[in-house]
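See below for the structure under consideration.
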Amino acid sequence: MRLASQHVALLKFLLEARDNLALPTVVDRFAAVVRLLYAPEAAAQVEAFVREFAVMCPEVAVCLRPGPFPVANEATLD
């Protein structure tokens, strides 16, 4: 997600307040681009949080998450 740089700390604070729902990682500090890492089971909760956060901070731009990555199993590694 891209947001105003002054809101990065707010994002981190709110995620921590929700029992560390996701881990924010700053990808580009100059453009204030933040990636959220979270458990697959929490996807719906994280998406709801992002929608609520976008209402609070209207400048937020959200990129959709990529689809699930294929998991290699031992049979495909041979």
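Every number in this text was worked out from the coordinates using simple rules, so none of it is lab data. Not measured: the values here are computed from a predicted model. Here Cβ is always computed from backbone atoms with ideal geometry, including for glycine, and neighbour counts include all displayed protein chains.
Averaging the inverse of every distinct alpha carbon separation and then flipping it gives the Kirkwood radius. What is it for segment 5-64, in angstrom units? Each step should come with its number before you reach the end.
On the way: mean 1/r = 0.0850 Å⁻¹.
Roughly 11.8 Å, rounded to one decimal.
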**OP:** Taking the Cβ of Ala32 as the centre, find all other residues whose Cβ is under 14 Å away and add up their charges (Lys, Arg: +1; Asp, Glu: -1).
**Re:** +2
